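What follows is one structure encoded as structure tokens, with my remarks underneath.
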Amino acid sequence: MSLTINRMQEYLYEKYKISKPEDLKNTQRYFYKLIEEVGELSEAIRKNNRMEDNNIKGTIEEELSDVLYYTLMIANTYDIDLEKCFRLKEELNAKRYGHKIRL
Ligand SMILES: [Mg+2]
């Protein structure tokens with residue numbers, strides 16, 4: 001099954017609703033975690049650590065996933081529909097840079 005941004009947000013919301021409901025609106029926590037993960041991504045890129053044979057630990061692939069995870073979590077704390085926002089932002093970019101949207 002293909003994962004959409006909406007489905008990922010929904011999945012994370014349900015997961016935290018069960019395991020850590022007190023953190024569902026903790027934007028600051030997830031923002032700090034996002035910054036930590038961006039630092040880890042920086043290191044993985046600097047070392048050019050790529051995933052091989054699905055061994056994701058310490059790789060660019062892992063850290064990109066972590067950055068996505070906390071981006072989605074921050075969006076959830078504000079009840080932001082990130083998929084909708086991505087489309088709206090691409091519409092702005094299309095006007096600004098003169099390209100077509102192919103979503
Ligand atoms: Mg990480």
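The values are calculated or read from the model by the stated rules, or taken from the named source; none is laboratory data. Worth saying up front: this structure is predicted, and the values here are computed from it rather than measured. Please note: Cβ atoms are built from the backbone with ideal geometry, for glycine as well, and neighbour counts cover all protein chains shown.
Before moving on, here are some points about what is shown:
- Options Arg29, Arg50, Arg7; residue that is within 21 Å of Leu103 (Cβ to Cβ) and either modelled with pLDDT of 95 or more or surrounded by fewer than 14 Cβ atoms within 10 Å (Cβ to Cβ) (or both): Arg7
- Filtering Lys89, Lys57 for residues that are within 11 Å of the ligand (Cβ to nearest atom), loosely packed, with under 13 Cβ neighbours inside 10 Å and within 22 Å of Leu3 (Cα to Cα) leaves a single hit, Lys57.
- Only one of the numbered conditions (1) away from the ligand (no atom under 15 Å from the Cβ); (2) not in a loop (DSSP other than H, G, I, E, B) is violated by Leu103, and that is (2).
- The number of residues in the range 65-84 that are in contact with a helix residue (DSSP H, G or I) (Cβ under 8 Å, 6 or more places away or on another chain) and surrounded by fewer than 13 Cβ atoms within 10 Å (Cβ to Cβ) comes to 1.
- Whenever a residue of the range 31-60 is over 21 Å from Thr77 (Cβ atoms), its partners that are more than 11 Å from the ligand (Cβ to nearest atom) and of a type in the set (A, V, I, L, M, F, W, C), lying with C-beta atoms within less than 8 angstrom and at least six residues away or across chains, give the pairs Thr59/Met51; Ile60/Ile45; Ile60/Met51.
- Close pairs (7 angstrom Cβ cut-off, 6 or more residues apart or separate chains): closer than 12 Å to Met8 by Cβ in the range 72-98, among the aromatic types (Phe, Trp, Tyr) anywhere: Met73/Tyr30; Asn76/Tyr13
- When residues of the range 23-54 are limited to those that are under 12 Å from the mean Cα position of the chain (by Cα) and not hydrophobic (A, V, I, L, M, F, W, C), the one nearest to the ligand (Cβ to nearest atom): Glu37
- Test: Ala75 is within 30 Å of Pro21 (Cβ to Cβ), among the small types (Gly, Ala, Ser) and assigned to a helix (DSSP H, G or I): yes
- Conditions (1) hydroxyl-bearing (Ser, Thr, Tyr); (2) over 18 Å from Glu62 (Cα atoms); (3) assigned to a helix (DSSP H, G or I); number of the one not met by Ser2: (3)
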